[in-house]
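This report concerns only the one structure given below.
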């Protein structure tokens, strides 16, 4: 029985990307970055303040966001499932955005989920 349990553990361990997958991901990232740099429009944050946000390195998780909140003079609310960046999408309503057209699922209920983003490495 112990041997079976050990084999089950091996089969359910986290899959790590192999070197080909890492090179492919790097190439795709490079391609996307170049495409954005060539086809995008350069703006200053003062022209589009809604674009300003945190920039991380290899790992972004709960601690990253708590640190970002401290640096930006914001409150990191962790005990309210209804907390979010905006009270509702109505705050973004305008000439070019109609919040009633958004299907409320992921877009309006992400605060109850852990926010962890990890890069290969």
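What follows draws every value from the coordinates through simple rules; no lab data is involved. Predicted model only: the values in this text are computed from it and were never measured. Neighbour counts are summed over all protein chains in view; Cβ atoms, including those assigned to glycine, are modelled from backbone coordinates with ideal geometry.
The table that follows gives values for the structure above.
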| quantity | calculated |
| --- | --- |
| Length released on extending from residue 18 to residue 55, taking residue separation times 0.36 nm less the Cα-Cα span | 10.7 nm |
| Sorted by Cβ density within 10 Å, fewest first, the residues 78, 41 | 41, 78 |
| Simple spin-label estimate for residue 29 and residue 92 in nanometres, 7 Å along Cα-Cβ | 2.5 |
| Approximate spin-label separation residue 66-residue 38, in nm, with each point projected 7 Å along Cα-to-Cβ | 4.4 |
| Segment residue 48-residue 101, extension gain: residue separation times 0.36 nm, minus the distance between their alpha carbons | 16.8 nm |
